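Notes follow the structure.
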Amino acid sequence: STDELGVLAEGFRKVLGSLKEHSEMLEINNQLLRYTGTNAKMEQVMDRIVEACQESVGGDIVFLILHDPHTNQLVGVAQTGANYKPEGYYRLSLDETSMAVLIFNKGETVVMSDCSKDPRANPEMLKRFGIRSALGVPLRVKGRVIGVLMNVGTQGPHEYSPREIMLIEGLAQEASLVVNSRMLQLQSDRAERRYQRLNE
């Protein structure tokens, strides 16, 4: 019947849309993974992760936050409109009230549809960046959380869809591998330079 054809057509459109999203996500993830085998600078890698999150999930500001094992703090190293800065734009202790800290400590995705009414949000961060809604995921490598990827809105409360959550979680999986690979390479380079200085 005409009704059945309409239902089938609508279902077909949804499947095509889902395949297109999946294809776009694979392309973005492949772009990130290519960085693991290149000599790209750390800032290029970090800035590309921020851009990729904005492209795939949307939102107004993306934050890339890494754990500093030396100080045991979370460090905001890159964000939309601000390039990678290893010393960070801000630092968060692991015992303060903050969405990023919560994500890092629990190792789970956290959604805040209306940050102004959520006691888990950091009031200073909300005010500083004008955050109204937020979606964040842990960056995890071999069961260990190395940082947090956050996508926030500044226009008002926002109900995040399963699609948005799926996209940022998928992106975080690949971003974690790339970030970890670059950090290991950086540590190796530093160790090599120290070894050369000792020999000299």
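The values are calculated or read from the model by the stated rules, or taken from the named source; none is laboratory data. This is a predicted model, so every value here is computed, not measured. Quick reminder, even Gly has a Cβ in these numbers, built from the backbone with ideal geometry, and neighbours come from all protein chains shown. Keep in mind that these areas ignore ligands, DNA and RNA; they rest on the heavy atoms of the full protein, side chains included. Shrake-Rupley method; radii C 1.70, N 1.55, O 1.52, S 1.80 Å.
Okay, residues lined up against (1) among the basic types (Lys, Arg); (2) closer than 19 Å to GLU55 by Cα:
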| residue | (1), (2) |
| --- | --- |
| TYR90 | no, no |
| LEU94 | no, no |
| ARG128 | yes, no |
| GLY147 | no, no |
| ILE168 | no, yes |
| GLN173 | no, yes |
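Scanning segment 31-42 for residues that are in contact with a helix residue (DSSP H, G or I) (Cβ under 6 Å, 6 or more places away or on another chain) and at pLDDT 60 or above gives LEU32, MET42. Inspection of segment 112-135 finds no residue satisfying the criterion of being among the aliphatic types (A, V, I, L, M), modelled with pLDDT of 95 or more, open to solvent by less than 10 Å² (accessible area, probe 1.4 Å) and in contact with a Leu (Cβ under 6 Å, 6 or more places away or on another chain).
Which one is farthest from ALA172 (Cα to Cα), of the residues in segment 127-159 that are among the polar types (S, T, N, Q) and over 16 Å from the mean Cα position of the chain (by Cα)? The residue in question is GLN155.
Within segment 64-83, residues that are over 20 Å from LEU135 (Cα atoms) sit with their Cβ atoms under 9 Å from residues that are open to solvent by 20 Å² or more (accessible area, probe 1.4 Å) and not in a strand (DSSP E or B), at 6+ positions apart or across chains, in these pairs: ASN72/LEU94; GLN73/LEU94; ASN83/GLU43; ASN83/ASP47. Which of the following residues is modelled with pLDDT under 85, open to solvent by less than 20 Å² (accessible area, probe 1.4 Å), under 20 Å from LEU139 (Cα atoms) and of a type in the set (A, V, I, L, M, F, W, C): VAL62, VAL50, VAL57, VAL45? Unique residue meeting the criteria: VAL45. Out of curiosity, is LYS142 modelled with pLDDT of 95 or more and open to solvent by 70 Å² or more (accessible area, probe 1.4 Å)? It is false that LYS142 is modelled with pLDDT of 95 or more and open to solvent by 70 Å² or more (accessible area, probe 1.4 Å).
In this structure, is GLY156 of a type outside the set (S, T, N, Q), open to solvent by less than 40 Å² (accessible area, probe 1.4 Å) and on the phi > 0 side of the Ramachandran plot? Let's see the steps before the verdict.
On the way: of a type outside the set (S, T, N, Q): yes; open to solvent by less than 40 Å² (accessible area, probe 1.4 Å): yes; on the phi > 0 side of the Ramachandran plot: yes.
The answer is yes for GLY156.
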